[in-house]
Structures are given as C-alpha cells and as structure tokens.
Amino acid sequence: MPRPLRFGLCTDQNLPFPTLVERWQRFEQLGFDSAWDCDHYVQPSRPTGPYFEGWTLLAGLAARTERIRIGVLVSCNTFRHPALLARQASTVDHISGGRLEVGLGTGWVEWEHEMYGIRYPDAPKRVAQFGEALEVLDMALRNEVISFSGEHFGLNDEKFRPGPVQQPRPPLTLAAHSPKMLRLIAPHVDRWNSMGSPEEMRGRNERLTDALLAAGRDPATVIRSVLHVPSITPDEHPWDSVEAFTDFAGRYREAGMTEIILQPPPAPDEEGELFERISRELVPSLAS
C-alpha cells in the first residue's frame, strides 16, 4: 500500500509582509500541512535584494494563520545561542497556539557569515557545536530550569519560563546529511530533513534508520522529509504539470520519504488553474 505523504511549502522572505501574509493564508486554505521560512540574513541566490529575518517574520506570520504547522527550515546554529533559540521557539509556540516545528542545522553559507562578521568554524567544530546546541535546545524546551557545561556552551540554572504550549516540547526538525550527523540527531529528532535526489535521499534514509535503531528509537516515529530546492535538484520540475508532480512525489515516496516540502511556484497567484488543481485535488489524494 502506498505510504501517505505530508506536504509543506517553504517561502523565501523577499516579498512585502502583506504579500507573505496573503500567501501563507492561501497555503493554509489550500490544505497544506506546513509552511516554512528560511534562516538567512540575505537571500543566498540574490544577496542584493530585500530579505526579512526568519524568526521575527515567523512570529508575525504565526499571528496571521490559524491551522497550518509553521517553522524555520532550518535555524542556523551559528547565528544564535541555543538558549536564545529556545526562548524564541517558546514565544512563537505561544503566538501560534502550539503549531510550531523547531528546526535546527549546522549552517552552511560561509560568505554570509563573513558578510555579517560572524565566525564560521570549520566543519568538525560546527558539528561539535551543533551537537551541544541540540542537547541544550532539547532540555530547555522540556524544563523550566537547566544547567549545561560543554566545550562550546554553558548554562547555570538558566530559567525558561513560560515553557512552550506543546508538551513535552515542540517537535524538532533536524537537518542532516552525513552518517556522523545522522547518528548525532538520532536521539532527538522528530522530523529529519534533507535535500537531494530520490537516490541520495534513499541512501540517507536507510542510514538514518540504522542510526535510530542504534539509539534505541522506533524508526517509524520519525518523519522523513525532503526539501525540494530547484538549484539543488535542477532536473526535478514538480510544478510543470499534474503528471510531473505525481511522478515527482511518487519517486520520493518510493525512496522512503513521508513528507515533501516544496518551494511554491515563483508567482502562485499567477499560476492559476494548475497550482489550484495540484493543491486542491492532487495533494489530498497523495496524502491519503
């Protein structure tokens, strides 16, 4: 029997706020499961253009939507202390009425860090920092008071009140590709997210299953999520037609994915009938 799918949309925050509100409200009305923005200070593909900060924008969009799950895909660990991220997450969880998905990744755009004068550690240090940050974030979202002593982060009876609406904590969406990162996230992850072709995702998905079993986790409890980015997989064109979308979703489902997050068409309001048909008819049928 085909595996049910969830569908989400991830938008770049380069449009006026009223336009973004209209789009997210439309995505909600169309029945998508989730909506996401990004954690960049400038748009990587167009660094000279306008771009809102992800978490403050998410708070505004949380207040203007009602049902759809929301999140930042994913928070860049080098941009902020994990204790600050936990406070932001708890606040947005309250604003949204408990609809937040908390995303975290190591960070990857080196030149963006240089532009803003933010230190960009080498890969081993970024991974080590990510591991500690993940422990801090998980503890802070579950407890009112925590202490933590690590090589990169330290907390001494830090207070986290009020806690989030969702208990025991909001779900964690963690970005990981390499075997080491997959092992690192295995004890904590609720949704795994990665980018790549169906073949790449299949291999990573199998390695995640192995890591979850080694960590004593039930692999069936973790959402397997792919983010489609046209520049990463330029041969994939899901919005070209109903047939293209069906084929696209089917190949990722066969690779073990249980969620597909797409960037919407460049101007979904102008796509008209095709976007409407895929959203209202095809997405629900594939999700069943």
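The values are calculated or read from the model by the stated rules, or taken from the named source; none is laboratory data. Worth saying up front: this structure is predicted, and the values here are computed from it rather than measured. Cβ placement follows ideal geometry from the backbone for every residue including glycine, while neighbour counts extend to all protein chains displayed.
I'd like to know if the stretch 255-265 contains one or more residues that are outside any strand (DSSP E or B) and more than 28 Å from GLN29 (Cα to Cα). The answer is yes; a qualifying residue exists. Taking the stretch 50-108 as the range and being charged (D, E, K, R) and part of a strand (DSSP E or B) as the test, the residues that pass are ARG69, GLU101.
Here ASP12 clears all of (1) assigned to a loop (DSSP other than H, G, I, E, B); (2) within 27 Å of PHE160 (Cβ to Cβ); (3) within 15 Å of the chain's Cα centre (by Cα) except the condition numbered (2).
Considering only the stretch 1-14, state which residues are exposed (fewer than 14 other Cβ atoms within 10 Å of the Cβ) and either touching a Pro at 6+ places or on another chain (Cβ under 7 Å) or within 20 Å of PRO238 (Cβ to Cβ) (or both). Reasoning before the result, please.
Taking the stretch 1-14 and keeping what is exposed (fewer than 14 other Cβ atoms within 10 Å of the Cβ), we get 1-4.
Scanning the stretch 1-14 gives PRO2, ARG3, PRO4.
Name the single residue, out of those in the stretch 145-165 being without any contact (Cβ under 8 Å) to a residue 40 or more places away in the chain and assigned to a loop (DSSP other than H, G, I, E, B), that is surrounded by the fewest Cβ atoms within 10 Å (Cβ to Cβ).
Within the stretch 145-165, the subset without any contact (Cβ under 8 Å) to a residue 40 or more places away in the chain is 145-152, 154, 156-157, 159, 161.
Right, trim to assigned to a loop (DSSP other than H, G, I, E, B) and you get 150-152, 161.
Working: GLY150: 14, GLU151: 10, HIS152: 16, ARG161: 8.
Among those residues, the one meeting the criterion is ARG161.
Just wondering, is there one or more residues in the stretch 83-97 that are crowded, with 21+ Cβ neighbours inside 10 Å, under 30 Å from LEU282 (Cβ atoms), over 15 Å from the mean Cα position of the chain (by Cα) and not aliphatic (A, V, I, L, M)? Yes, the stretch 83-97 contains a residue that is crowded, with 21+ Cβ neighbours inside 10 Å, under 30 Å from LEU282 (Cβ atoms), over 15 Å from the mean Cα position of the chain (by Cα) and not aliphatic (A, V, I, L, M). The set of residues in the stretch 109-133 that are in a helix (DSSP H, G or I), within 16 Å of HIS177 (Cα to Cα) and of a type in the set (A, V, I, L, M, F, W, C) comprises ALA123, VAL127, ALA128, PHE130. Please enumerate the residues belonging to the stretch 216-239 that are of a type in the set (A, V, I, L, M) and either modelled with pLDDT of 95 or more or surrounded by 16 or more Cβ atoms within 10 Å (Cβ to Cβ) (or both). Hits for the stretch 216-239 are ALA220, VAL222, ILE223, VAL226, LEU227, VAL229.
Considering only residues that are closer than 30 Å to THR258 by Cα, surrounded by fewer than 19 Cβ atoms within 10 Å (Cβ to Cβ) and among the polar types (S, T, N, Q), which ones fall in the stretch 15-61? Hits for the stretch 15-61 are THR19, GLN25, GLN29, GLN43, SER45, THR56.
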